[in-house]
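The values are calculated or read from the model by the stated rules, or taken from the named source; none is laboratory data. This structure is a prediction, so every number in the text was calculated from the model and none was measured. Note that we place each Cβ from the backbone using ideal geometry, even for glycine, and neighbour counts take in every protein chain shown.
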Amino acid sequence: NAGVTQTPKFRVLKTGQSMTLLCAQDMNHEYMYWYRQDPGMGLRLIHYSVGEGTTAKGEVPDGYNVSRLKKQNFLLGLESAAPSQTSVYFCASTPVGGREEQPDTQYFGPGTRLTVL
Amino acid sequence: SQKIEQNSEALNIQEGKTATLTCNYTNYSPAYLQWYRQDPGRGPVFLLLIRENEKEKRKERLKVTFDTTLKQSLFHITASQPADSATYLCARRMDSSYKLIFGSGTRLLVRP
């Protein structure tokens with residue numbers, strides 16, 4: 001049981017390049033999330049998904065797109081990277097309803113450190 | 001809008017002492033608050049959840065309190081160890097959705 005995995009771990013892009021971050025979970029969780037974490041600003045929600053084939057915007061969605069074609073995968077795309085998108089990106093998942101003693105607990109991946117030059 | 005505020009300054013304590021971290025929230029009290037631990041270069045890991053009708057929750061050396069009057073949760077680590085050094089995040093549910101709002105975290109440093 002690998003939990004939540006993210007690919008790649010590190011990436012350097014030039015301004016204007018595109019890339020896709022992959023998140024995979026093997027816990028059969030319904031909900032998945034993409035966050036970015038910047039110094040002093042905590043985790044900010046980019047996009048999320050409440051099930052296969054559905055996505056929704058979070059707090060900071062501009063410049064990003066997502067897709068959830070399979071329940072276990074959640075992709076985050078940057079179509080034209082900008083230096084402001086330099087950050088650490090985390091994927092997380094949570095089961096519908098959660099466990100009674102731990103509702104809404106989110107399980108996080110190890111993160112992707114992205115630098116845009 | 002709902003906010004979660006944590007002390008951005010690092011907490012530096014001596015091994016064996018009790019560490020106390022603070023989480024303040026705005027607007028209405030959430031049904032529960034969650035605490036996560038994050039080590040450098042890693043994703044957050046869930047530690048404890050406390051519901052609004054619970055005054056206190058314990059797990060081994062960890063204790064969390066929830067004061068709806070002060071709109072505050074306190075996170076305590078007793079008999080702290082250098083291995084407890086990490087950043088601790090507080091989170092609350094956003095409205096009635098399955099989304100969480102996280103605080104920016106407080107870094108704890110435990111000196112041997």
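What do you reckon, is B:G43 at the interface with chain A (Cβ under 9 Å from one of its Cβ atoms) and free of Cβ contacts under 8 Å to residues at least 40 places away in the same chain?
Here the answer is yes, as B:G43 does meet what is asked.
Looking only at residues of region B:95-112 that are over 15 Å from B:C23 (Cβ atoms) and within 14 Å of another protein chain (Cβ to nearest Cβ), we find that the one that is surrounded by the fewest Cβ atoms within 10 Å (Cβ to Cβ) is B:S96.
Yes or no: A:A81 part of a loop (DSSP other than H, G, I, E, B) and at pLDDT 95 or above? Explain how you work it out, then say what you get.
Numbers: part of a loop (DSSP other than H, G, I, E, B): yes; at pLDDT 95 or above: yes.
Against the criterion (part of a loop (DSSP other than H, G, I, E, B) and at pLDDT 95 or above), A:A81 qualifies.
Name the pairs whose Cβ atoms lie under 9 Å apart, with the first residue in region B:15-30 and more than 15 Å from B:R107 (Cα to Cα), the second among the hydroxyl-bearing types (S, T, Y) and loosely packed, with under 12 Cβ neighbours inside 10 Å, and 6 or more positions between them or separate chains? Sorted first by the residue in region B:15-30, then by its partner, the pairs are B:T26/B:S1; B:N27/B:S1.
Please go through region A:1-26 and give me each residue that is assigned to a loop (DSSP other than H, G, I, E, B) and surrounded by 14 or more Cβ atoms within 10 Å (Cβ to Cβ), ordered by number.
Filtering region A:1-26 down to residues assigned to a loop (DSSP other than H, G, I, E, B) leaves A:1-3, A:8-9, A:14-18, A:26.
Answer for region A:1-26, where residues must be assigned to a loop (DSSP other than H, G, I, E, B) and surrounded by 14 or more Cβ atoms within 10 Å (Cβ to Cβ): A:G3, A:Q17.
Suppose we keep only residues that are assigned to a strand (DSSP E or B) and within 14 Å of chain A (Cβ to nearest Cβ) within region B:1-20. Which one would you say is nearest to the chain's Cα centre (by Cα)? Reasoning before the result, please.
At the first step, the residues of region B:1-20 found to be assigned to a strand (DSSP E or B) are B:4-6, B:11-14, B:19-20.
Now restrict to residues that are within 14 Å of chain A (Cβ to nearest Cβ): B:4-6.
Working: B:I4: 10, B:E5: 10, B:Q6: 8 Å.
Only one residue fits best here, namely B:Q6.
Results for (1) among the aromatic types (F, W, Y); (2) farther than 19 Å from B:Y98 by Cβ, shown as yes or no for each residue.
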residue	(1), (2)
A:M41	no, yes
A:I46	no, no
A:E52	no, no
A:V60	no, no
A:N65	no, yes
A:K71	no, no
A:F90	yes, no
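Do we have any residue at all in region B:82-93 that's within 14 Å of another protein chain (Cβ to nearest Cβ), modelled with pLDDT under 95 and more than 10 Å from the chain's Cα centre (by Cα)? Scanning region B:82-93 turns up at least one residue that is within 14 Å of another protein chain (Cβ to nearest Cβ), modelled with pLDDT under 95 and more than 10 Å from the chain's Cα centre (by Cα).
So, of the residues in region B:9-30 that are surrounded by fewer than 14 Cβ atoms within 10 Å (Cβ to Cβ) and modelled with pLDDT under 90, which turns out to be farthest from A:L45 (Cα to Cα)? Among those residues, the one meeting the criterion is B:E9. Taken over region A:28-71, the criterion of being more than 15 Å from A:T112 (Cα to Cα), within 13 Å of another protein chain (Cβ to nearest Cβ), in contact (Cβ under 8 Å) with a residue 12 or more places away in the chain and of a type in the set (D, E, K, R) is satisfied by A:E30, A:E59.
Answer yes or no: is there a residue in region B:77-87 that is more than 27 Å from A:G3 (Cβ to Cβ), surrounded by fewer than 19 Cβ atoms within 10 Å (Cβ to Cβ) and in contact (Cβ under 8 Å) with a residue 24 or more places away in the chain.
Within region B:77-87, the subset more than 27 Å from A:G3 (Cβ to Cβ) is B:78-80.
Cutting the leftovers down to surrounded by fewer than 19 Cβ atoms within 10 Å (Cβ to Cβ) gives us B:78-79.
Subsequent filtering for residues that are in contact (Cβ under 8 Å) with a residue 24 or more places away in the chain retains B:78-79.
So far as region B:77-87 goes, yes, one or more of its residues are more than 27 Å from A:G3 (Cβ to Cβ), surrounded by fewer than 19 Cβ atoms within 10 Å (Cβ to Cβ) and in contact (Cβ under 8 Å) with a residue 24 or more places away in the chain.
Just for region B:58-81: of the residues that are in a strand (DSSP E or B) and charged (D, E, K, R), which one is farthest from the other protein chains (Cβ to nearest Cβ)? The extreme case among them is B:D67.
Taking the residues in region B:30-56 that are assigned to a loop (DSSP other than H, G, I, E, B) and not charged (D, E, K, R) as candidates, determine which candidate is farthest from B:Q72 (Cα to Cα).
Here is the first cut: in region B:30-56, the ones assigned to a loop (DSSP other than H, G, I, E, B) are B:30-31, B:39-44, B:52-55.
Those still in the list that are not charged (D, E, K, R) too: B:30-31, B:40-41, B:43-44, B:53.
On the way: B:P30: 11, B:A31: 13, B:P40: 26, B:G41: 28, B:G43: 24, B:P44: 21, B:N53: 13 Å.
By that ranking, first place goes to B:G41.
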